[in-house]
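Following: one structure in structure tokens, then a few remarks.
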Amino acid sequence: MKAADPPVAVARVPERSGSQPPAGGQRKRRKAGALLPYLLIAPAFVAIAAVFVWPLIKTILMSFQDVGRRELWTGEAAPWVGFEQFTNILGDGEFWAVVWRTVIFMVACVVATMGIGLGISMLMQRMDTWVRLLLTAALVAAWSMPLLVATSIFRWFADSDYGVLNMVLTKYLGIDAQGHNWFLDPKQGFLIIGAVVVWGAIPFVAVTLYAALTQVPRELEEAAALDGAGVAGVFRYVTWPVIKPVFQMVATLSVLWDFNIFGQIFLIRGNKPEPEYSVLGIYSFEKAFESNSFSQGAAISLITVLLLSGVAVYYLRQLLKIGEVE
Amino acid sequence: MSASTSQALRPDTERGTGPATPQVLRQDRKKNRLVYNIVGLAVFVLMAFPVYWLIISALRPNHEIRSYDQTLWPSSLTLDNFQRAIDQPNFGTAIQSSLIVCGVAVIGGMLLATIAAFAIGRFRFRGRKFFMIVLLVVQLLPPTAMLIPIYIQLNDLGGLNEYWGVIVIYLVSTLPFATWMIRGFIVNIPPELEESAMVDGCSRMGAFWRVTFPLLAPGLAAAAIFSLITAWNEYLLAYVVLQDNDKYTLNVWLMNFTTSRGIDYGALMAASTLIAIPVVAFFLLVQKYMATGLTSGAVKG
Amino acid sequence: MKRKLIAAVGVAGMMAGIAACGSDEGTASKDPKDRKETLTVWLMSDAQSTWPELVKDVNAQFKTKYPNVTVKVQYQQWADKAKKLDAALAGDKYPDVVELGNTETMTYILNGALGEIDPKKYENSDTWIKGLKDTCAFEGKQYCVPYYAGARVAIYNKDMFKAGTGSDQLPTTEAELATALDKVGAKYGKDKAFSPLYLPGRYWYAAMSYVAAYGGQIAKYDEGAKEWKATLSTPEAQKGIQHFVDLVKKYNHGDKTKDEADHANVMANEKTALLYGNGWEAGSVVDSATNGNPKLKDKIGTAGMPGPDGKALPSFIGGSDLATISKSKVQDLGEEWIAAFTSAKSQEVLASKNILPNNTKQLEPLKAKPETAPIANAVPDAWFTPIAPGWTAIEKKETLEVMLLDIIKGKSVADATKAADAEINQLINEES
């Protein structure tokens, strides 16, 4: 255990090799115990395998072929092209521009989402019940709004001719924004899209972290506060170690989602995003469906997976480390 | 929400601020509480504004929705939009489809996730890391780009135009998150609790279901809400896999308001308001469990 | 191939109940009553919302001939239909008959998804509207059947023109129109968001209409080199684009960088007196189910859009086609269903809803009807996008929209068209 952990040692007991029965230790029980975890993960594993494993293999195979609509539809054998799809994509300057755009947008969105989400969840612990209920209701209502609808509403807000945003800027802040098109400059456009994304992701983050915060033993926080630890100290030594696994998981998911972002941009640009709004999700979709090369789409997906696995490996190491260092 | 559950969350219930706490601290807290409440209300307004706009748009005469003079309150309220939404063909079957698909996917997903989380949270076994990597990889795959391979897989399994085809996909795509989420909670519950139950004669699983499972409520609730909303709002896969119009789920049905002749925004907003009701209701149902997490008593054993 | 063996039937073969269709698989000899298959038809949701009775009638008709065949009509949504069809064609549950927009057909024809059809089996096939028929043809063979057509016209607010110019008629020449628009602009100009003519800058269908008016086109097929060549930088095309941009800059006082998606909304909010849009948009302006403003009922008129040099502006021709899927095991039933659904009688139903029929013969009477005269008259001179293998890719890349946007933002027409030509040449001959 790390030095930072002691105050919550009670709550953070290492995962154990629980296959040993506490008492006795007859051979039979041990054998059954050794099988138990496999039985437990079997249903989940089978479900995942049934739905995703073959498609994943298929995607990998496809990325080394040249599959267009004709091959897909008629079952004609697609020619094998080796690494051509990958070299084409990696050698394409547009692809790297898209990757950069995606990374920057993702980082900005994740930082904003996690920061605001954590702030709200901690706030929820400290406010009166009625305020918390109001806020939770708003969060869930926002969360349950279908993407199409949420994006339409933000699109109206930002519309150049009849948007509330321009109206407020012009009428109340004295900036002449009438007719200003927020999407001409992709920087401004991404600001609006970022708002949709962050607004849409906050409920999940806040509600999940709030659930995690309920696990923090109240006495320890109070004891630490009485012992003279400041707000930051209490958070760092008491709160953070408990919510860390959930926080990391939520952050990782945000990274994955924001990296694969598709719907918000696609819908807010009226189903035809301009090239300067192309992020990886849109790029691979366009390659697959619109330029009739499912193989290129597949190759881009795999490259995306490889890029993301950097994040994934970090997370996995963290995940495996927790509780295993005895 | 019951009084006891809300109290468990308050930092200054009698548990914390006993008679020994100095008076100064208490007044300080009151002031802080006020600040927190005000900030909380501000956040509420920001988060709720688009929701407010949704509802108010649903109640506005259709041509005012994108009027050039935006007002916070409509000039007149009308239920026409709701009427058109309800009159849209297949509304009833869509409700039924969504309930079946999402209900089975969420319940099944929670069950599978809980036992899998128990396995990776409590046991060390060969293949455990591999399983966790599998869970992770599933999340990495870009959903739109995987559409065709997944479709072909369902075709081979015979799941096209069947509820179970969609259910399985929803279940599997929310499973990794749910497993991790629940595992995160299991890790924070001392295994000693289960062990003492086993000493009392419970089997390993019996001890888990009786002792640990009830303590997982907040994690389960959060994971269930996540799974429900993900499944409830999914559109593209359901649209592509389900072919009969009377099997469409609500979100697919919602797209009926977008035609080549424009979008009926009023009906769309009204329909989405209606569609959100079950989700919000479900949340209200489970949210009290989210607050009954690990109480200090349980931790002390 | 099976379809080649299908015996040709007379025009109204199906109506007459002659079971002359069949194939080498033995269905030819079968009694229609012995057919027990299922015919799956994908129609767009417009049929469900606007002409459901036609679908019902045709299915009932079909039932009398094939009492044991189940016809399953599944309505699709424009937004993601292409994805669904792409996926479905890769599996076992594909439709037998499908509706396609006339700009979408080429992809499916080139990739062998559609079955060849024999025009002789369809009523009025000799007078099919060219703009639709051509989108179904490839290398001399026909792969789909025109369903209905659409054309663009001037849609105007009669009250506003009356108040501005004293007449509720739209002028018939562009010069007169310009004077009228100035007057209307003067009358309503106090509102800064008011545009006498709302012509959005990215509206490439309109821009290309002006190109067509000056005798230009997007691209030309070079018979010698056997390939398509972009022609936007030719003097005629440049003149047309310049003309369009001038109109946008002069009369559009809203956001000039939008596309045409907001047309109906702008007019419903009385922020413009004139639009150049699809014929049916006049209905959208007043229909409360499409965000229209019912108060404007009877105040919205349609007319031919005056173009340069005293001629009418040539319109883009839109529309839908119906096709059978080549893999389908009931292609012959599919063809019969389409024949019934596009028969003269069926087209009559569409015409009664002010939708343009698929043939010029039935178009004639619409030219006399005041509500439909403007759209019907726009059909003969209509233009269509190049029927080239790579055209879809160019549309997806938004080459034309980017070009127009660049010009609106200040790039010269000569430079912008040259850049667009280069991009088009790169894509247009590549199959997509």
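The values are calculated or read from the model by the stated rules, or taken from the named source; none is laboratory data. Computed from a predicted structure; not experimentally measured. Backbone-built Cβ (ideal geometry, glycine too); neighbour counts: all protein chains shown.
Computed values, structure above
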item	result
Selection status of B:V199, surrounded by fewer than 22 Cβ atoms within 10 Å (Cβ to Cβ) and within 24 Å of A:V305 (Cβ to Cβ)	no
Given (1) farther than 20 Å from C:C136 by Cβ; (2) touching a Phe, Trp or Tyr at 6+ places or on another chain (Cβ under 7 Å), number of the condition C:N265 does not satisfy	(2)
Test: residue in segment C:316-338 that is assigned to a loop (DSSP other than H, G, I, E, B) and aliphatic (A, V, I, L, M)	yes
Test: residue in segment C:51-62 that is out of contact with any Leu (no Cβ under 7 Å at 6 or more places or on another chain), more than 13 Å from chain B (Cβ to nearest Cβ), part of a loop (DSSP other than H, G, I, E, B) and surrounded by fewer than 21 Cβ atoms within 10 Å (Cβ to Cβ)	no
Residue check for A:L308: within 9 Å of another protein chain (Cβ to nearest Cβ), touching a Pro at 6+ places or on another chain (Cβ under 8 Å) and surrounded by 23 or more Cβ atoms within 10 Å (Cβ to Cβ)	no
Helices (runs of 4 or more DSSP H) contained entirely in segment A:1-118, each with at least 1 residues that are at pLDDT 90 or above	A:27-48, A:54-63, A:84-90
Conditions (1) surrounded by fewer than 20 Cβ atoms within 10 Å (Cβ to Cβ); (2) assigned to a helix (DSSP H, G or I); (3) more than 9 Å from chain B (Cβ to nearest Cβ): number failed by C:N68	(2)
Residue identified as modelled with pLDDT under 90, crowded, with 24+ Cβ neighbours inside 10 Å and within 30 Å of B:R183 (Cβ to Cβ) among B:G297, B:G293, B:G206	B:G293
Flag for B:T71 being β-branched (V, I, T), surrounded by fewer than 18 Cβ atoms within 10 Å (Cβ to Cβ), in contact with a helix residue (DSSP H, G or I) (Cβ under 9 Å, 6 or more places away or on another chain) and outside the structural domain of B:V166 (by TED's automatic domain parsing)	yes
Hits in segment C:352-392 - residues which are among the small types (G, A, S), out of contact with any Lys or Arg (no Cβ under 9 Å at 6 or more places or on another chain) and part of a helix (DSSP H, G or I)	C:S352, C:A368
Filter result for C:E99 (part of a strand (DSSP E or B) and either farther than 29 Å from B:I152 by Cα or of a type in the set (D, E) (or both))	yes
Residue that is farthest from the other protein chains (Cβ to nearest Cβ), among those in segment B:154-172 that are surrounded by fewer than 18 Cβ atoms within 10 Å (Cβ to Cβ) and of a type in the set (A, V, I, L, M, F, W, C)	B:W164
Close pairs (7 angstrom Cβ cut-off, 6 or more residues apart or separate chains): closer than 14 Å to B:F118 by Cα and in the same structural domain as B:G121 (by TED's automatic domain parsing) in segment B:195-206, part of a helix (DSSP H, G or I) and modelled with pLDDT under 85 anywhere	B:R204/A:G33
Selected residue (only one of C:D321, C:D287 is on the phi < 0 side of the Ramachandran plot, free of Cβ contacts under 8 Å to residues at least 12 places away in the same chain and surrounded by 19 or more Cβ atoms within 10 Å (Cβ to Cβ))	C:D287
Hey, C:T272 within 14 Å of chain A (Cβ to nearest Cβ), within 30 Å of C:K353 (Cα to Cα) and crowded, with 24+ Cβ neighbours inside 10 Å or not	yes
Which listed residue is farther than 30 Å from A:F235 by Cα and within 21 Å of the chain's Cα centre (by Cα), from A:P79, A:P146	A:P146
Meets criteria (touching a residue at least 60 places away in the same chain (Cβ under 8 Å), assigned to a loop (DSSP other than H, G, I, E, B) and not small (G, A, S)) for C:D421	no
Residues of segment C:289-301 satisfying the condition of being at the interface with chain B (Cβ under 9 Å from one of its Cβ atoms) and part of a loop (DSSP other than H, G, I, E, B)	C:N291, C:G292, C:N293
Failed condition for B:L79, given (1) at pLDDT below 90; (2) surrounded by fewer than 17 Cβ atoms within 10 Å (Cβ to Cβ)	(1)
Pairs with Cβ under 7 Å, 6+ apart, first in segment B:95-123 and more than 15 Å from B:F208 (Cα to Cα), second part of a helix (DSSP H, G or I) and of a type in the set (D, E, K, R)	B:S97/B:K247
Candidates A:L148, A:L184, A:L135, A:L139, filtered to the one that is without any contact (Cβ under 8 Å) to a residue 40 or more places away in the chain and assigned to a helix (DSSP H, G or I)	A:L135
Any hit, segment A:162-178, residues being crowded, with 21+ Cβ neighbours inside 10 Å and assigned to a loop (DSSP other than H, G, I, E, B)	yes
Any helices (runs of 4 or more DSSP H) falling wholly within segment B:126-216 and containing at least 1 residues that are within 14 Å of B:V240 (Cα to Cα) and within 24 Å of the chain's Cα centre (by Cα)	B:147-157, B:163-187
Criterion (buried (at least 20 other Cβ atoms within 10 Å of the Cβ), within 14 Å of another protein chain (Cβ to nearest Cβ) and of a type in the set (S, T, N, Q)) met by exactly one of C:T417, C:T385, C:T399	C:T399
Any chance B:D69 is acidic (D, E) and within 11 Å of chain A (Cβ to nearest Cβ)	yes
Residues that are in a loop (DSSP other than H, G, I, E, B) and either touching a strand residue (DSSP E or B) at 6+ places or on another chain (Cβ under 6 Å) or charged (D, E, K, R) (or both), drawn from segment C:302-315	C:G304, C:M305, C:K311, C:P314, C:S315
Enumeration of residues in segment C:79-89 that are in contact with a strand residue (DSSP E or B) (Cβ under 8 Å, 6 or more places away or on another chain) and either over 24 Å from A:R70 (Cβ atoms) or more than 7 Å from every other protein chain (Cβ to nearest Cβ) (or both)	C:A79, C:K81, C:L85
Counted residues, segment C:95-114 - those being touching a residue at least 60 places away in the same chain (Cβ under 8 Å), under 17 Å from C:I338 (Cβ atoms) and surrounded by 21 or more Cβ atoms within 10 Å (Cβ to Cβ)	11
